[in-house]
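Nothing in this text is a laboratory measurement; each read-out follows from the coordinates by a stated rule. All figures in this text were calculated on a predicted structure; none of them were measured in a lab. Reconstructed Cβ throughout: ideal geometry from the backbone, glycine too, with neighbour counts over all protein chains shown.
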Amino acid sequence: MTTTSPLRERAENALGYAARQLRRLVSNHPDYFPLYTEDGKWSHEGEAWTNWCEGFLPGQLWLIHQQTGDPWFRERAIHYCRLIEHRATDTSVHDLGFLFWSSWKRWYDEDHEEFQRHVIIEAGQTAGSRFREKGAYLPSFVGPQSIFIDIMMNVGIIYYAARQTRDADLLRRVNQHCLTTRRYLVRGDGSTAHEGIFDTETGEFLRQSTHQGWRGDSIWARGLAWALYGFGTAYRFSGDARFLQTAEACAACYMEHTPSYGVPPNDWLEPEPRHPHESSAAAIAASGFQQLARLTTDPLRAQLYGGKARRIIYTLCAPPFLIDEDDGHEGILRRAMYHERRNLGVNQSVMWGDHFFLEALCHYLNE
Ligand code: GLY
């Protein structure tokens with residue numbers, strides 16, 4: 001007789017639940033790209049701050065399709081991919097990796113059609129075109145003086161485009177951005193700053209800062225999770241051991257500061273935060289830990305990172321994080337945070353949290 005582990009049982013239940021929530025979202029709000037819920041509902045007039053989340057809905061639909069084979073999810077995923085195709089030339093945001101790696105890259109992985117590869121390359125080239133020689137970085141959407149730790153999640157698509165087109169200059173730019181981020185936003189203890197500010201005239205680095213964390217010198221948990229995952233990706237594409245070392249330093253910092261059940265607050269250094277959890281950071285970290293487990297050649301570390309990912313998934317697959325199916329909430333995970341200072345998505349569901357949770361969940365189920 002075969003027995004199912006408690007984690008597998010939780011994960012399978014969570015996957016079925018996620019599929020039902022996504023089906024409801026797409027049926028109830030056709031062609032709508034949500035960012036965060038308000039009072040548990042996706043559709044509202046709340047501001048976006050910036051448009052970076054449109055890939056996460058098709059991304060989730062692809063993940064469910066890959067896991068279940070259900071053609072309805074494939075058909076809807078393609079539909080939503082098509083709706084964002086024009087964004088491949090959008091130079092106004094730093095987020096084209098978020099948009100296209102989650103969505104079009106998964107489509108390409110299924111079909112291997114040339115037009116799909118072309119869109120992904122175009123998005124990677126557009127993202128790389130934002131590079132500034134003075135300072136050697138890809139600026140954030142906020143302005144030319146600003147670099148975000150989040151941008152590390154968008155370097156994979158630039159590496160991909162550089163490789164596919166054999167563009168040595170694009171490769172140089174993305175490598176330099178990663179090195180600049182490592183130098184100015186990652187600290188000696190593996191913690192990270194959210195934002196860095198440069199003098200645009202000279203390229204001199206001026207200071208660390210933040211929008212979504214507590215202070216410029218504190219540790220915004222989601223930013224650290226982006227770095228843990230993003231530097232792992234930079235290593236995966238470049239083979240530069242410095243990026244693996246940085247990803248592992250970020251992983252050590254995450255483990256050092258987070259309770260054993262795996263979910264951090266929005267900022268580890270904020271005294272008495274109003275809300276104790278930022279579940280989207282945990283979901284991103286789980287997927288980042290899974291990637292690190294695959295990248296390291298040290299079996300003990302692989303075990304450590306794999307175990308940490310499983311522990312986070314186990315926690316997220318149950319209340320108070322996984323939403324009870326019948327309470328009317330439209331998301332998958334609760335207790336996430338988008339932007340507390342602007343009062344956007346505070347203690348709510350967020351699209352990227354649900355996306356990276358599903359990514360980690362599916363990866364675990366396929367292990
Ligand atoms: N803009 C990316 C984030 O909120 O994490």
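With each pseudo-label sitting 7 Å past Cα toward Cβ, what's the E113-N13 distance in nm, one decimal?
So the label points at E113 and N13 sit 3.9 nm apart.
Test of understanding: extend the Cα→C-beta vector of H275 to 7 Å, then name every residue of region 17-50 with backbone N under 11 Å from that spot.
Flagged as within label range: 36-40.
At 0.36 nm per residue, minus the direct Cα-Cα distance, what do K134 and N343 gain on full extension? Give it in nm, one decimal, please. Let's see the in-between values first.
Values: separation 209, 0.36 × 209 = 75.24 nm, distance 3.43 nm.
Result for the pair: 71.8 nm of gain on full extension.
With a Förster radius of 45 Å, plug the Cβ-Cβ distance of R20 and T200 into 1/(1 + (r/R0)^6) and report the FRET value to the nearest 0.05.
The pair R20/T200 has a calculated efficiency of 0.40.
N28 versus D217, label points 7 Å from Cα toward the beta carbon: distance in nm?
4.6 nm
Can you compute log10 of I(q)/I(0) for the chain with the Debye formula, treating each Cα as one identical point scatterer, at q = 0.11, 0.13 Å⁻¹?
Scattering profile of the chain, log10 relative to I(0): -0.70, -1.01.
Would you calculate the separation in nanometres between label points at E256 and R163, each defined as 7 Å from the Cα along the Cα-to-beta-carbon direction?
3.2 nm
Work out, step by step, the length gained on full extension between D189 and R294: first 0.36 nm times the residue separation, then minus their alpha carbon distance; give nm to one decimal.
Extra length from D189 to R294 when fully extended: 35.5 nm.
Once a ≥ b ≥ c are taken as the square roots of the eigenvalues of the Cα gyration tensor of region 256-318, is the result rounded (a/c under 1.5), prolate (a/b larger than b/c) or oblate (a/b not larger than b/c)?
Judged from the Cα gyration tensor, region 256-318 comes out prolate (a/c at least 1.5, a/b above b/c).
Which net charge results for the neighbourhood of W220, defined as the other residues with beta-carbon distances under 14 angstrom from its beta-carbon, given Lys and Arg at +1 and Asp and Glu at -1? Provide the component values of the computation, followed by the final result.
Details: positive: R187, R215, R222, R341; negative: D150, E195, D217, D267, E270, E278, E340.
Cβ neighbours under 14 Å give a net charge of -3.
Just rank W72, W352, fewest to most, by other beta-carbon atoms within 10 angstrom.
Sorted ascending by nearby Cβ count, the order is W72, W352.
Pairs of alpha-carbon atoms within less than 8 angstrom and 6+ residues apart define the contacts here; what relative contact order does region 1-137 have, in percent?
Result for region 1-137 is 20 percent.
What net charge is computed for the residues neighbouring A293, neighbours being all others with C-beta under 12 Å from the C-beta of A293, Lys and Arg scored +1, Asp and Glu -1?
+1
Using a 10 Å cut-off around each Cβ, can you sort V350, V26, V263 from fewest to most neighbouring Cβ atoms?
Starting with the residue having the fewest Cβ neighbours, the order is V26, V263, V350.
Give the cross-link partners of K41 among the lysines, using a straight C-alpha distance below 30 Å as the criterion and excluding same-chain residues fewer than 8 apart.
Reachable lysines: K105.
So for the chain, averaging the separation of alpha carbon pairs under 8 Å that are six or more residues apart and normalising by length, what relative contact order in percent results? Don't jump to the answer; show the numbers that get you there.
Values: 696 pairs, mean separation 64.9, N = 367.
In percent, rounded to a whole number, it is 18.
Using the count of nearby Cβ atoms within 10 Å as a rough guide to exposure, how do Y338, Y364 rank from fewest to most?
By the 10 Å Cβ count, ascending: Y364, Y338.
With charges set only on the Cβ (+1 for Lys and Arg, -1 for Asp and Glu), what does the dipole of the chain come to about its Cα centre, in debye to the nearest 20?
Dipole about the Cα centre, nearest 20: 780 debye.
By the scheme Lys and Arg +1, Asp and Glu -1, what is the net charge of all other residues having a beta-carbon under 13 Å from that of N13?
Result for the local shell: -1.
Hey, got the dipole for region 285-367? About the Cα centre, +1 on K and R Cβ, -1 on D and E Cβ, debye to the nearest 20?
Its charge dipole is roughly 520 debye.
Gap in Å between the Cα centre of region 96-124 and the Cα centre of region 262-297?
Centre-to-centre (Cα) distance: 27 Å.
Rounded to whole Å and sorted largest first, list the principal axis extents of the Cα atoms in region 153-279.
Taking the Cα atoms of region 153-279, the three principal extents are 49, 37, 22 Å.
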